[in-house]
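K.L.:
My structure is below; once you've seen it, I'll send some questions.
Laboratory data are not the source of any read-out in this text; all were calculated from the coordinates shown. Just so you know, these numbers come straight off a predicted model, no measurement behind them. Cβ atoms come from the backbone with ideal geometry, glycine included; neighbour counts cover every protein chain shown.
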Amino acid sequence: MAESKRQNERLIVLLIIGFIALNYPLLSLFSKVKLVFGIPVLYLYIFTVWSVFIGCMAVILEKKSSSSLMNHLPKSEKSE
Amino acid sequence: MLQYWVILVVSFCYLGILFAIAYYGDKRAEAGRSIISNPYVYTLSIAVYCTAWTFYGSVGRSATTGAGFLPIYLGPTLMAALWWFVLRKIIRIAKVHRLTSIADFIASRYARDPLVGEIVTIISVAGILPYISLQLKAVSTSFIVLHTFQSPSHIMPPTGSIWSDTALYVALLMAVFAILFGTRHIDASERHEGIVAAIAFESVVKLIAFGVAGIFICFYLFAGPSELVYDAVQSPQLSKLMKLETLPGGYASWFTLTFLSMMAILFLPRQFHILVVENVNEEHVKTASWLFPLYLLAINLFVLPISLAGLILFQGWSVDPDTYLLTVPLYADQQLIALFVFLGGLSAATGMVIVATIALSTMICNDLVMPVLLRIRYFQLRDLRDVLLAIRRGSILGILLLGYAYFRFIGESYALVTIGLVSFAAAAQFAPVILIGIYWRRASRRGAIAGLLAGFAVWIYTLLLPSFAISGWISTSILDSGPFGFKFLEPYHLFGLDMFDPITHSVFWSMLANVGFLVGVSLFDRQNAMERLQATLFVDVFRHGSIDTRQWSGTTTVSELKDLVARFMGFNHANKAFAEYAAKHNIASLNDVQADANLVSFAERKLSGAIGSASARVMISSVVKGEEISIEEVMNILDEASQLIEYSHRIEEKSRELENATEKLRAANKRLQELDRLKDEFLSTVTHELRTPLTSVRSFSEILRDNPSLDMKERQKFLDIIVKESERLTRLINQVLDFAKIESKSAVWTRDSVDLNKVIMEAVSSISQLFQENSIKLKKVVPDESIFVMADRDRLIQVVINLLSNAVKFCEPGIGRVTVRLSASAGNARVEVQDNGPGIHPDEQELIFEKFHQLKGLHDEKPRGSGLGLTISHRIIKHHGGNIWVESKPGEGAKFIFELALTDTSQSS
């Protein structure tokens, strides 16, 4: 239960970060005619944030080994 | 330009394939080997979100607003982060209560009130009609383009009479298709595995079609996306698309679209159906949460390049940007690619229409028609299976015809995207009642009704009404000067709010009204028992999920119940379900037995899957004689059960604590035994150590006493030995006392700023005698300036002496060399004592700081020390917060090092 709570907290923080990154005013910083690697900088920014967001979500949700390990941690913390 | 018959044959073949897949999926499901029970099919089926709107409309929107198409896909991506705990909860609730549509879900949360279900159904139908019409428009437009497009200067033929309108036939075809797919039989769980399989397949097709068109346009028509972008940057018109300034409504609109699509991905009836009702396993949500956003990302990669290509190629001509995906390949004379793109669009449209109409028809049947029908005596006793199917088929046909009507009379005057957003805004009205409802117990039935109605009313007034006005149904004066000349009631600028675009404006007011009424009314409302029960069951679903909340105490026979279920689901189906129930509960035969409460609630759940929870309740109460358990009693059962769970949690907690305590006790006991053993060892070693010098003192004294004739020289020698041995004895006793003091922590420590330089000098001078006696060379390497540490001076001297005398012990007389080195670096003072003795084996390096540890195998003679020197040094250095260790390789001497933190004064100097 404790681990799933941590997972939820991480997901909520991720959502907030994503929402801020993909809205005004951060978005306005990239609203200009400029090419980086031949890609308009606005699109490069949005698609990069998008991919990173997906990556983070995959890591948070699919992390299995550590979650089983974490499940044992609270017990040992109590015993100390 | 493609011939009619080619397009038609290909389309029908494609639909045939879909039907085959659906058929196969159903067959496999019946055989118990589901093909959709994996997260990937689930993810692909969610992609029914990407409709013909995505397919054609994204390119169109991108061509006019640049990045403006993206929020529709960023919203679901962001929302997916919440799926794992919001969507999973909704799925769990729906599974526990057998809820089969969003209307059923909301109604069930708010006291199973049929009125709530009716409102939700009406909002859904009104909200989704535009969306369905949008799909019809997309398919018929793409069909016409594919058939007639010849050159960019070509102008689309105007729509003629109804009978020559392709959209009508598309609508009818889709109705047939949805009916064939979705209403083949009435199923208790309202799940359609075959359809999900077909939808997943369609999602693959549309992704590939989009990708093929994108790659063709980017890499064959142009020399890659960067060339396209480069061309676009040259044109002042096109370079605007790289910025957000072209977005109508600006950043507020961007925000609204993100918000709307966040809500739409969960609460559009078809998304709810796919995500919740068709979900096989909650665990699939985990993978879908990141895989679905990846799908969205992939399908959007080529949108901008395609729209730029269209804008560059068709510069100066009026080609509808919504059709670029078809017209660009056609322009390059690639009819095969255009045909494939058309199939992709057809996939997108049929997928959406099938799922949406099935979801809506279920709602219309279960939440709108059945409650009314069941009140009519005539229907209460009949086999209703055919009636149910007829209602559903009729409503599918009705929805599609209404959609067509909307398209015919209103849709023409709008772009694809705007129509879609109107639907999104309607679906968002469900968000507060669900999201607040599953987390806030006090959200009440009256609050939900008020919120839904208020939000819906605002939506109609600010979005639907203006669309009637724009298409000429009512006077447009309402848009300019408000109804009856009330300027402050203008639909697009309610109360004079004129800073937003129409969608943002409508979303703001409708959400304000919706949430405001829901929360406001709930705060001042008194919930009745039924409301409280349902609210508790929903909010605490993860706690109460397994608790049986049967609500029937009356009696009925099994056969009566079975007949009732059979009337809605067919005789075979009912037989099978009851047999399964008997097998599961180890009941030999169910015939002519009194049905127990469990069986009654089982039948109710089965029925609620087929006809909705409200109607199921009515039907069950018609056969169960006797009293229904009062809701208060159910609440009590619930409370007791949750108390029991609470107790068992607490007991578990206690036993875990006990286990921990036992573990700790065991460890402490072990440690005590170890200490006891150490103490014995200590005593025996100390006595042994004391006895050796004592023995020699005694024996030499006896020699002196018994032999008075010994000459002076001998006598002198023996006396020397006696003195030396007594010195050793004194030293040993001193050390033992010292050690005992340090160990018992009763030693008194002083703490001054001590100059290590002087410490070493003093230690060296007091031990120099020993070096001379053994003829061992001592070298001192110290810096000129003083190095200060905070320490007990005498103890530090003791440490250095210990280390030095230790070094002497292990050096060969004559060739021995000992170096003592002092240095300071990085806030630490470092003292090294190096010898060139035999060195210490790595295994022993850890042990030498332990009590009475004496190096083995080096010297067979009597031990050369108490074995306490290094231990005491170790304790002293540790007490000062420093570090002591040894570095050595056998045969190359040993280096003892200790480090202490510098005081500030020496650091600055």
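K.L.:
Could you grab the relative contact order for chain B? Cα pairs under 8 Å, six or more apart, rounded to a whole percent. List each step's numbers first, then the result.
P.N.:
Details: 1355 pairs, mean separation 127.6, N = 909.
Taking the mean separation of contacting Cα pairs over the length of chain B, I get 14 percent.
K.L.:
Taking K and R as +1 and D and E as -1, what net charge do the other residues with C-beta under 15 Å from the C-beta of B:Ser253 add up to?
P.N.:
Net local charge, B:Ser253 excluded: -1.
K.L.:
Wrap a convex hull around the Cα atoms of chain B, take a quarter of its surface area, and give that in square nanometres.
P.N.:
Taking a quarter of the hull surface, the average projection is 61.6 nm².
K.L.:
Take every residue in peptide A:31-43, count the Cβ atoms of other chains within 10 Å of its Cβ, and give the average of those counts.
P.N.:
Going residue by residue through A:31-43 and averaging, the value is 6.
K.L.:
If I model a spin label as a point 7 Å beyond the Cα along the Cα-Cβ vector, how far apart are those points for B:Glu30 and B:Lys717 in nm?
P.N.:
Once both label points are built, they end up 11.5 nm from each other.
K.L.:
Pull up all non-local amide H partners of B:Val754: gap of 5 or more, or a different chain, and H-to-H distance under 5 Å with H placed in the peptide plane.
P.N.:
Hits under the 5 Å cutoff: B:Val789, B:Met790, B:Ala791.
K.L.:
Counting partner chain Cβ atoms within 10 Å of every residue's Cβ in B:292-298, what's the average?
P.N.:
3
K.L.:
Would you kindly state how much longer the chain becomes between B:Arg442 and B:Gln150 on full extension, computed as 0.36 nm times their sequence separation minus their alpha carbon distance, in nm to one decimal? Working shown, then result.
P.N.:
Numbers: separation 292, 0.36 × 292 = 105.12 nm, distance 6.25 nm.
Gain on extension, B:Arg442 to B:Gln150, equals 98.9 nm.
K.L.:
Taking the Cα centre of each part, how many Å lie between the stretch B:41-105 and the stretch B:709-734?
P.N.:
For the stretch B:41-105 versus the stretch B:709-734, the Cα centre distance is 97 Å.
K.L.:
Of the listed pairs A:Lys5/B:Lys95; B:Lys717/B:Lys809; A:Lys34/B:Lys206; B:Lys27/B:Lys562; A:Lys63/B:Lys89, which have alpha-carbon separations greater than 30 Å here?
P.N.:
A:Lys34/B:Lys206
K.L.:
Work out how much length B:Lys240 to B:Ser699 would gain on full extension: take 0.36 nm times their residue separation and subtract the Cα-Cα distance, in nm to one decimal.
P.N.:
154.3 nm
K.L.:
Using per-residue counts of other Cβ atoms within 10 Å, averaged over each peptide, order B:872-878, B:478-484, B:784-790 from highest down.
P.N.:
Highest mean packing first, the order is B:872-878, B:784-790, B:478-484.
K.L.:
Could you give the size of the charge dipole of the protein assembly as shown about its Cα centre, using +1 on the Cβ of each K and R and -1 on the Cβ of each D and E, expressed in debye and rounded to the nearest 20?
P.N.:
About 500 debye.
K.L.:
Sticking with this one: Sort B:673-679, B:765-771, B:752-758, B:451-457 by the packing proxy (mean of other Cβ within 10 Å over each peptide's residues), most packed first.
P.N.:
Highest-to-lowest ranking by the protection proxy: B:451-457, B:752-758, B:765-771, B:673-679.
K.L.:
Under a plain spin-label model, where a point goes 7 Å from the Cα along Cα-to-Cβ, how far apart in nm are A:Ile17 and B:Asp596?
P.N.:
With each label point 7 Å from Cα toward Cβ, the separation is 5.3 nm.
K.L.:
Summarise the partner chain shielding of A:6-13 as one whole number: the mean count of Cβ atoms from other chains within 10 Å of each residue's Cβ.
P.N.:
Numbers: counts 0, 3, 5, 0, 1, 8, 3, 1.
Average per residue, whole number: 3.
K.L.:
Rounded to whole Å and ordered largest first, report the semi-axes of the equivalent ellipsoid of the protein assembly as shown derived from its Cα gyration tensor (root of 5λ).
P.N.:
Working: eigenvalues 1378, 324, 129 Å².
Each semi-axis is the square root of five times an eigenvalue, giving 83, 40, 25 Å.
K.L.:
Hey, what D do you get for the stretch B:641-734 in µm²/s if you plug the Kirkwood alpha-carbon radius into Stokes-Einstein at 37 °C and 0.692 mPa s?
P.N.:
Approximately 176 µm²/s, per Stokes-Einstein.
K.L.:
Okay, next question. In what sequence do B:Ile449, B:Ile217, A:Ile17 fall when counting other Cβ within 10 Å, fewest first?
P.N.:
In increasing order of surrounding Cβ atoms, one gets A:Ile17, B:Ile449, B:Ile217.
K.L.:
Under 5 Å between amide H atoms, partner at least 5 residues away or on a different chain: which partners does B:Thr557 have, H built in plane at 1.01 Å?
P.N.:
Residues meeting the criterion, in which the H sits 1.01 Å from N, are B:Ala595.
K.L.:
Where in chain B are the helices, taken as whole DSSP H runs, whose Cα atoms extend 27 angstrom or more along the long axis and whose Kyte-Doolittle mean reaches at least 0.0?
P.N.:
Helices meeting the span and hydropathy rule in chain B are B:4-30, B:114-148, B:193-215, B:335-363, B:385-409, B:502-523.
K.L.:
Can you compute the modelled spin-label distance between B:Lys777 and B:Glu653, with each label point 7 Å from Cα toward Cβ, in nm?
P.N.:
Computed distance between label sites B:Lys777 and B:Glu653 equals 7.3 nm.
K.L.:
Cross-link list B:Lys779/B:Lys895; B:Lys724/B:Lys758; B:Lys724/B:Lys779: which exceed 22 angstrom alpha carbon to alpha carbon?
P.N.:
Long pairs (Cα-Cα over 22 Å): B:Lys724/B:Lys758; B:Lys724/B:Lys779.
K.L.:
Using alpha carbon centroids, what distance separates the stretch B:269-291 and the stretch B:221-253, in Å?
P.N.:
Their Cα centres are 36 Å away from one another.
K.L.:
List every residue whose amide H lies under 5 Å from the amide H of B:Leu868, counting only residues 5 or more places away in sequence or on a different chain, with H placed 1.01 Å from N in the peptide plane.
P.N.:
Answer set, sorted by chain and number: B:Phe852.
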